[in-house]
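J.: One structure, as structure tokens, below. Some questions next.
Rule-based calculations on the coordinates, nothing more; no lab input. Source: prediction; values computed, not measured. Cβ placement follows ideal geometry from the backbone for every residue including glycine, while neighbour counts extend to all protein chains displayed.
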Amino acid sequence: MSAIEDLMGAALTATEARRAEALRVLRGDVAATPAPRSEGPLLLAMGKAAQYMGVSRPTMWRMIRDGRLEKVEILPGSHRMRRADLDKYVEEHGTSGTRRDAVPAQNGNSGEQAA
């Protein structure tokens with residue numbers, strides 16, 4: 001692939017914000033700024049990744065099964081999620097909202113609504 005084809009491919013797949021930033025840099029309006037690095041571990045355990053995304057663990061596994069996210073197998077049967085992949089997904093798609101079990105428990109029930 002030529003450099004022009006690489007640039008065109010990147011331009012077509014970039015978000016609107018990234019295209020606008022690239023155009024400003026190409027025009028010489030601003031210097032390129034590195035992407036901000038969020039703090040914390042680069043790999044998250046499945047439960048922590050689900051919490052980070054605001055979804056349940058089963059939803060996280062469905063997202064993996066459906067090809068929306070990719071897991072990293074660090075040992076046989078032990079999986080982690082890349083924080084950068086989660087950030088990218090949230091930037092592009094948002095999340096499904098606050099997990100029900102993340103809501104403080106009422107009347108001693110873990111995450112269930114009071115009757």
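J.: Along the Cα→Cβ direction, 7 angstrom out, place labels at residue 5 and residue 19. What is the inter-label distance in nm?
T.: My value for the distance between the label points is 2.2 nm.
J.: OK, next. Arrange the peptides 78-85, 65-72 so that the one whose residues have, on average, the most other Cβ atoms within 10 Å appears first.
T.: Listed from highest to lowest mean packing, they are 78-85, 65-72.
J.: Return 13, 59 ranked ascending by Cβ neighbour count within 10 Å, so the fewest neighbours appear first.
T.: Sorted ascending by nearby Cβ count, the order is 13, 59.
J.: For a Förster distance of 22 Å, can you work out the FRET efficiency between the beta-carbons of residue 29 and residue 87, rounded to the nearest 0.05?
T.: Given R0 = 22 Å and the Cβ-Cβ separation, E is 0.25.
J.: HN-Hα J couplings of segment 42-57 from phi, Karplus 6.51/-1.76/1.60, θ = phi - 60°, integer Hz, Gly and Pro as x?
T.: Values, residue by residue: 7, 10, 10, 4, 4, x, 5, 5, 4, 4, 4, 7, x, 10, 7, 4 Hz.
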